[in-house]
Amino acid sequence: MILPVTLVIAAATGLINVWLAFGIGRDRVSSKINLGDGGEAAMTAKIRAHGNLTEYAPTVLILMALIELARGPSLWLWIVGAVFIVVRLAHAFGIVRPAPSVLRMIGALGTWLVIIVLAIWALEISYQAEWTPPVRSMQIGQPAA
């Protein structure tokens, strides 16, 4: 089964990931910082923006995929996925600004809200699902149990 919503959001997340990594790489070359942040706050912020995305994206994408597998694509899943992309971009732009940053706050709180919504949605689906025991296969020559 193809998961169109999850695929699009995963692709967008992947592009943001590469964009953030490219920015770090570009700054490493220009600043001659081979490893770590070189004691530069701007580099630390960019590294954290990238790391923060890679910390939260798997949870969101796994929940989206499981919900889409269980219920199929829906407008609500598209909306939640789009919100995730927007708030991750807000976080990426906000984390490199001086604190306090409204964009960073929107990014962090928005990401948490997306995860909470998806988690509750997943729990709701699992609560509604009826459990059925796995079917045991019969082997030739053996009576049915």
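The values are calculated or read from the model by the stated rules, or taken from the named source; none is laboratory data. Keep in mind that this is a model prediction, so the values were computed, not measured. Glycine gets a Cβ as well: all are built from the backbone with ideal geometry, and neighbour counts include every protein chain shown.
Here is how the numbers come out for the structure above:
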item: Test: residue in region 48-68 that is over 13 Å from residue 118 (Cα atoms), modelled with pLDDT under 95, exposed (fewer than 15 other Cβ atoms within 10 Å of the Cβ) and out of contact with any helix residue (DSSP H, G or I) (no Cβ under 7 Å at 6 or more places or on another chain); result: yes
item: Residue identified as surrounded by 15 or more Cβ atoms within 10 Å (Cβ to Cβ), over 30 Å from residue 126 (Cβ atoms) and modelled with pLDDT of 95 or more among 15, 89; result: 89
item: Scope region 99-121; condition among the hydroxyl-bearing types (Ser, Thr, Tyr) and either in contact with a Ser or Thr (Cβ under 6 Å, 6 or more places away or on another chain) or outside any helix (DSSP H, G or I) (or both); matching residues; result: 101
item: Pair list, Cβ under 9 Å, 6 or more apart: region 16-28 residue over 22 Å from residue 85 (Cα atoms), other residue surrounded by 15 or more Cβ atoms within 10 Å (Cβ to Cβ); result: 27/33; 27/43; 27/46; 28/43
item: Single match in 77, 20 (criterion: in contact with a helix residue (DSSP H, G or I) (Cβ under 6 Å, 6 or more places away or on another chain), closer than 23 Å to residue 124 by Cβ and either among the hydrophobic types (A, V, I, L, M, F, W, C) or part of a helix (DSSP H, G or I) (or both)); result: 77
item: First in region 43-62 and in contact (Cβ under 8 Å) with a residue 24 or more places away in the chain, second anywhere and charged (D, E, K, R) and in a helix (DSSP H, G or I), Cβ under 7 Å, 6 or more apart; result: 46/27; 53/88
item: Residue match in region 52-73 (condition: over 30 Å from residue 126 (Cβ atoms) and of a type in the set (Gly, Ala, Ser)); result: no
item: Among (1) surrounded by 12 or more Cβ atoms within 10 Å (Cβ to Cβ); (2) more than 20 Å from residue 23 (Cβ to Cβ); (3) modelled with pLDDT under 85; (4) not hydroxyl-bearing (Ser, Thr, Tyr) - the single one residue 40 does not satisfy; result: (2)
item: Residues (of a type in the set (Gly, Ala, Ser) and in a helix (DSSP H, G or I)) located in region 32-74; result: 41, 42, 45, 49, 51, 57, 65, 70
item: Leading residue by the ranking (nearest to residue 8 (Cα to Cα)) among those in region 78-113 that are among the basic types (Lys, Arg) and free of Cβ contacts under 8 Å to residues at least 24 places away in the same chain; result: 104
item: Residue identified as buried (at least 17 other Cβ atoms within 10 Å of the Cβ) and touching a His at 6+ places or on another chain (Cβ under 8 Å) among 20, 118, 77; result: 20
